[in-house]
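> Right, I'll just put the structure down here and ask away after.
The values are calculated or read from the model by the stated rules, or taken from the named source; none is laboratory data. Quick caveat, the model's predicted, so the values are computed rather than measured. All Cβ positions, even for glycine, are placed from backbone atoms using ideal geometry, and neighbour counts span all protein chains on display. Note: areas computed on protein heavy atoms with side chains; ligands, DNA, RNA excluded. Shrake-Rupley method; radii C 1.70, N 1.55, O 1.52, S 1.80 Å.
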Amino acid sequence: MRVYFPIPLTLFVLLFSLPLEGAAQEGSIHGIVTERGTGNPIPGVNVTVKRTGDSAIAAGTFTDLAGRYAIASLPDGRYLVSFSSVGYRKIVDSAVEIRGATGLTLDAGLEQVPLNMDAVIVSASRREEKAVRAPGSTSVIDAAAIASRPSVTPVDHLRSTGGIDIAQTGLMQQTVVTRAFNNVLSTTLTMLTDNRIAAVPSLRANIPAFIPLVDDDLERIEVVRGPASALYGPNAHNGVVNFITRSPFASKGTTISLAGGNRSLTQGSVRHAGTAGDRFGYKVSGQYFRGRDWEYADPEEAALRREKLDAGAREDTLLIGRREAFVERFGGEARMDLILADNATANLTLGLNQAVSTIELTDIGASQGRNWRYMYVQSRMTYSSLFFQAFMNMSHAGDSYILRTGMPLVDRSRMFVAQVQNHTAAGERELLTYGVDFHLTRPVTDGTITGRNEENDGIDEFGGYIQSETQLLPGMLDLVLAARADHNNRLEDIVVSPRAALVYTPLQHHNIRFTYNRAFSTPNTTELFLDILAEPNVFGFPDPYGVDIRGSGIPRGGYVFARDGNGRPVM
């Protein structure tokens, strides 16, 4: 029995023990930030205060889930107050004056950004910054673009994004990569939903149809092209896609969507968000999809099926080559947000996707997914600039099987992740971002995927990173230096990922980047521990002389082939 929870629970205790409120001293500024046009509160807005004529930040905070903020302990003087948030145009208020221990009310209304170069993003540096000043090539698909395009999976919104390659392998099945060769299991791209790794645990493969997000719940999508290992770890060596959802506080109401089309396609979704008082928000969403998949007759499956039928197998029970014509899935997500205190929020998210029927490609042929369930639970907490999250992804393959062999495909794997991050100013022109990640992957396949390695196929990963951003010329020239070190219990050496960037912004919408990155990919469960039957008795010998072809991972000492006295290989 494995117990994962003491580590995150300890971190939660430490975080909750932090002082969340301070006594007001001297002057203060407070208010509410809302969206222009709708009046909805905007959580997570970065509010900064600078003395007039001084580029250094005197104080700062973030709005809570109800859009409220408060900055205390301001000495007498004149200040500039700035409001910036992801997906909104930054505004700087005219100078305000603080005199004595008085409180000044200053509300703000932010306008959504129509141009990506003006947008504020979080994925390039794991903190808020303008896209034009990010140290990596980043694209943003905003809410307006998402609303204008119907989709089967969230990945459909990336089709017009530069540097993205999407292979459509079925009516709802896709593989997606950035700046890399595509294959049947795309593992070179880190795909996130609200900072949660969205891959299937044991395979580390991105299966977009398993992500139960509805379009009405998407606030924006951020795409970071190129190496991102310095912040996200060794498995983000070709990029990051981050699906970011809407806060219930800023998106109250109910939406229903229905769609239909060729191939008997039927799709529907519903989303509802609301609040209970000023400190509790919730949202629930659900979706359903069904359609007739693309027809394909694999000649290898057909030959093996005929062989088994000729040998006396029953037509109604033989699984080899038994493809189901329709793909079908349903799923949903529930989320609760809580305002703990000023600058402190927490939320809990539960998600489920049930693939009733789907065909997924593998390196040993197609598999028939039947009642494959993918679930996750995620908890996040922020206190000022400190961020903590813990989540668990769970997979249960149901009654799935390999189409060429008819062998059952068992997967009850889990992945647990805990992450802590903070950023802080180091002087007037430098900002440090640093954090640690802890990953545990535990495959359970009953010997169907990892075979003889079933009892020794867990992977533990631990990493830490730091990034320094220095304003060489404020507003024009930034130097970014970062480094990350990761330990994998299956590798002898520490993996180091460095990063350097010089970003020159001569005009508002123009920049020049000089970047250096070195990124790595660590082997996943199947690359290390795969031990699966690919094709039985390839030469058709009578039992017990049949020769099977098996898919195999790479053993710790590499492959060793036995040879006879004359140096010839033997079986």
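> Answer yes if at least one residue in segment 40-47 is surrounded by fewer than 23 Cβ atoms within 10 Å (Cβ to Cβ) and under 27 Å from residue 471 (Cα atoms), and no otherwise.
Yes.
> Return yes or no: is residue 352 among the hydrophobic types (A, V, I, L, M, F, W, C), in contact (Cβ under 8 Å) with a residue 40 or more places away in the chain, surrounded by fewer than 20 Cβ atoms within 10 Å (Cβ to Cβ) and farther than 30 Å from residue 260 by Cβ?
Against the criterion (among the hydrophobic types (A, V, I, L, M, F, W, C), in contact (Cβ under 8 Å) with a residue 40 or more places away in the chain, surrounded by fewer than 20 Cβ atoms within 10 Å (Cβ to Cβ) and farther than 30 Å from residue 260 by Cβ), residue 352 does not qualify.
> Looking at segment 305-324 only, could you name the residues that are surrounded by 14 or more Cβ atoms within 10 Å (Cβ to Cβ) and touching a Leu at 6+ places or on another chain (Cβ under 9 Å)?
305, 308, 309, 318, 319, 320, 321, 322, 323
> If we scan segment 152-162, do we find a residue that is open to solvent by less than 30 Å² (accessible area, probe 1.4 Å) and at positive phi?
no
> Restricting to segment 387-415, and then to whatever is of a type in the set (A, V, I, L, M) and part of a loop (DSSP other than H, G, I, E, B), can you tell me which residue is most open to solvent (accessible area, probe 1.4 Å)?
The residue in question is 407.
> How many residues are in a strand (DSSP E or B) and over 19 Å from residue 291 (Cβ atoms) if we restrict to segment 368-386?
Within segment 368-386, residues that are in a strand (DSSP E or B) and over 19 Å from residue 291 (Cβ atoms) number 12.
> Further question on the same structure: Can you name the condition, by its number, that residue 519 falls short on among (1) small (Gly, Ala, Ser); (2) exposed (fewer than 12 other Cβ atoms within 10 Å of the Cβ); (3) in contact with a strand residue (DSSP E or B) (Cβ under 6 Å, 6 or more places away or on another chain)?
(2)
> Hey, can you tell me all the residues within segment 88-121 that are touching a helix residue (DSSP H, G or I) at 6+ places or on another chain (Cβ under 8 Å), modelled with pLDDT of 65 or more and part of a strand (DSSP E or B)?
Within segment 88-121, 112 is the sole residue that qualifies.
> Here is a follow-up. Which of the residues spanning segment 497-521 are farther than 22 Å from residue 470 by Cα and either of a type in the set (A, V, I, L, M) or assigned to a strand (DSSP E or B) (or both)?
519
> Identify, please: which residue in segment 294-304 is acidic (Asp, Glu) and open to solvent by 40 Å² or more (accessible area, probe 1.4 Å) and is, among those, nearest to residue 262 (Cα to Cα)?
Filtering first and then ranking leaves 295.
> Name the one entry in 194, 215 that is open to solvent by 10 Å² or more (accessible area, probe 1.4 Å), among the acidic types (Asp, Glu) and out of contact with any helix residue (DSSP H, G or I) (no Cβ under 7 Å at 6 or more places or on another chain).
Being open to solvent by 10 Å² or more (accessible area, probe 1.4 Å), among the acidic types (Asp, Glu) and out of contact with any helix residue (DSSP H, G or I) (no Cβ under 7 Å at 6 or more places or on another chain) holds for just one of 194, 215, which is 194.
> Which one is nearest to residue 64 (Cα to Cα) among residues in segment 336-353 that are of a type outside the set (A, V, I, L, M) and touching a Gly at 6+ places or on another chain (Cβ under 6 Å)?
337
> Next question, about the same structure. Restricting to segment 325-335, and then to whatever is surrounded by fewer than 16 Cβ atoms within 10 Å (Cβ to Cβ) and in contact with a Gly (Cβ under 9 Å, 6 or more places away or on another chain), can you tell me which residue is farthest from residue 289 (Cα to Cα)?
The extreme case among them is 334.
> For segment 245-358, which fully contained strands (runs of 3 or more DSSP E) count at least 3 residues that are farther than 27 Å from residue 207 by Cβ?
280-292, 326-341
> Taking the criterion of being of a type in the set (Ser, Thr, Tyr), part of a helix (DSSP H, G or I) and over 12 Å from the mean Cα position of the chain (by Cα), would at least one residue in segment 196-217 satisfy it?
Looking for residues that are of a type in the set (Ser, Thr, Tyr), part of a helix (DSSP H, G or I) and over 12 Å from the mean Cα position of the chain (by Cα), one finds none in segment 196-217, hence no.
> Then there is this: When the residues of segment 428-474 are filtered to those that are open to solvent by 40 Å² or more (accessible area, probe 1.4 Å) and part of a loop (DSSP other than H, G, I, E, B), which remaining residue is nearest to residue 535 (Cα to Cα)?
446
> Being modelled with pLDDT under 90 and open to solvent by 70 Å² or more (accessible area, probe 1.4 Å) is the filter; apply it to segment 253-280 and report the residue that is nearest to residue 345 (Cα to Cα).
Ranking the candidates gives 279 first.
> Residue 512 - would you say it is open to solvent by 50 Å² or more (accessible area, probe 1.4 Å), out of contact with any helix residue (DSSP H, G or I) (no Cβ under 9 Å at 6 or more places or on another chain) and closer than 30 Å to residue 411 by Cβ?
So residue 512 fails the test.
> Within segment 36-49, track down each residue that is in contact (Cβ under 8 Å) with a residue 60 or more places away in the chain, assigned to a strand (DSSP E or B) and more than 20 Å from residue 279 (Cβ to Cβ).
46
> For residue 373, state whether it is within 20 Å of the chain's Cα centre (by Cα) and buried (at least 21 other Cβ atoms within 10 Å of the Cβ).
Taking the combined requirement at face value, the residue does not satisfy it.
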